[in-house]
1. For residues in segment 51-91 being farther than 22 Å from Glu38 by Cβ and more than 24 Å from the chain's Cα centre (by Cα), which is least open to solvent (accessible area, probe 1.4 Å)?
2. (1) touching a helix residue (DSSP H, G or I) at 6+ places or on another chain (Cβ under 6 Å); (2) not in a loop (DSSP other than H, G, I, E, B): which one isn't true of Lys62, the others all being true?
3. Would you mind listing the strands (runs of 3 or more DSSP E) fully within segment 70-130 where at least 2 residues are closer than 20 Å to Phe158 by Cα?
4. Return the pair list, or none, for Cβ contacts closer than 9 Å from residues in segment 156-167 that are in contact (Cβ under 8 Å) with a residue 60 or more places away in the chain and under 13 Å from Ile95 (Cα atoms) to residues that are exposed (fewer than 14 other Cβ atoms within 10 Å of the Cβ) and among the β-branched types (Val, Ile, Thr), at least 6 apart or on different chains.
5. So how many residues does segment 146-167 have that are among the hydrophobic types (A, V, I, L, M, F, W, C) and open to solvent by 60 Å² or more (accessible area, probe 1.4 Å)?
6. I'm trying to understand the selection: among the residues of segment 133-162, which are at pLDDT 95 or above, in a loop (DSSP other than H, G, I, E, B) and within 21 Å of the chain's Cα centre (by Cα)?
Amino acid sequence: MMGRWRPAEKPGSPYITAEGASRLREEARYLWKTLRPEVVQALAAAAAEGDRSENAEYTYRKKQLGGIDRRLRYLGKRIDIMKIVDRPPADRSVIRFGAWVTLSVSSGDRMTYRIVGVDETDAGKGFISIDSPVALALLGKTVGESADVELPERLERFEIVEIRYGT
């Protein structure tokens with residue numbers, strides 16, 4: 001019979017943009033100073049209602065508090081190790097952390113991504129993790145070069161069209 005044990009995942013790289021670091025700190029502050037006290041108060045009120053074994057509100061608030069505490073532990077660990085990258089590299093012609101990269105794919109389509117920290121990824125904004133296969137293939141490359149990336153459905157060649165830094 002297989003157990004539930006899984007090997008620990010390799011921790012993500014510690015790099016983060018100044019904006020990302022600010023968002024993580026703000027989230028931790030909000031959870032600790034605003035949301036957690038509200039949930040603790042609601043939990044105490046639910047506990048005061050008596051029999052906890054059949055008290056749905058009590059069970060819900062306990063789970064909610066556990067989720068908040070887990071997120072706070074995670075944020076605390078990330079904030080302790082994060083390395084804020086708040087300026088572009090000396091050589092802006094090379095793809096490094098924080099770069100906005102415009103790529104051309106074999107279909108002729110163009111896409112733009114920003115290479116950010118693992119806690120900042122957002123597909124809707126085009127933010128990809130520095131630990132992602134695409135970012136790892138692009139790091140160190142310059143305009144005109146290409147990178148082959150093994151995607152789940154195919155091997156894709158990305159040609160680098162533009163590199164820029166800044167928000």
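The values are calculated or read from the model by the stated rules, or taken from the named source; none is laboratory data. Quick caveat, the model's predicted, so the values are computed rather than measured. Positions of Cβ are generated from backbone atoms using ideal geometry, with glycine treated the same way; all protein chains shown enter the neighbour counts. Quick note on the areas: whole protein, heavy atoms, side chains included, nothing else; ligands and nucleic acids left out. Shrake-Rupley method; radii C 1.70, N 1.55, O 1.52, S 1.80 Å.
1. Quick first cut of segment 51-91, residues farther than 22 Å from Glu38 by Cβ only: 51, 53-54, 77-91.
Still in the list and also more than 24 Å from the chain's Cα centre (by Cα): 51, 53-54, 90-91.
Numbers: Asp51: 97, Ser53: 96, Glu54: 158, Ala90: 114, Asp91: 81 Å².
The selected residue is Asp91.
2. (1)
3. Values: elements: 83-85, 100-105, 110-116, 127-129.
Passing ranges, in order: 100-105, 110-116, 127-129.
4. Ile160/Thr142; Glu162/Thr112; Ile163/Thr142
5. 1
6. Leu139
Table: residues versus (1) over 30 Å from Leu139 (Cα atoms); (2) not acidic (Asp, Glu).
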| residue | (1), (2) |
| --- | --- |
| Pro14 | no, yes |
| Glu27 | no, no |
| Pro37 | yes, yes |
| Gln41 | yes, yes |
| Ala47 | yes, yes |
| Arg61 | yes, yes |
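Yes/no per residue for (1) outside any strand (DSSP E or B); (2) under 18 Å from Gln64 (Cα atoms); (3) touching a Ser or Thr at 6+ places or on another chain (Cβ under 9 Å):
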| residue | (1), (2), (3) |
| --- | --- |
| Gly12 | yes, no, yes |
| Gly20 | yes, no, no |
| Ala28 | yes, yes, no |
| Leu35 | yes, yes, no |
| Gln41 | yes, yes, no |
| Ala44 | yes, yes, no |
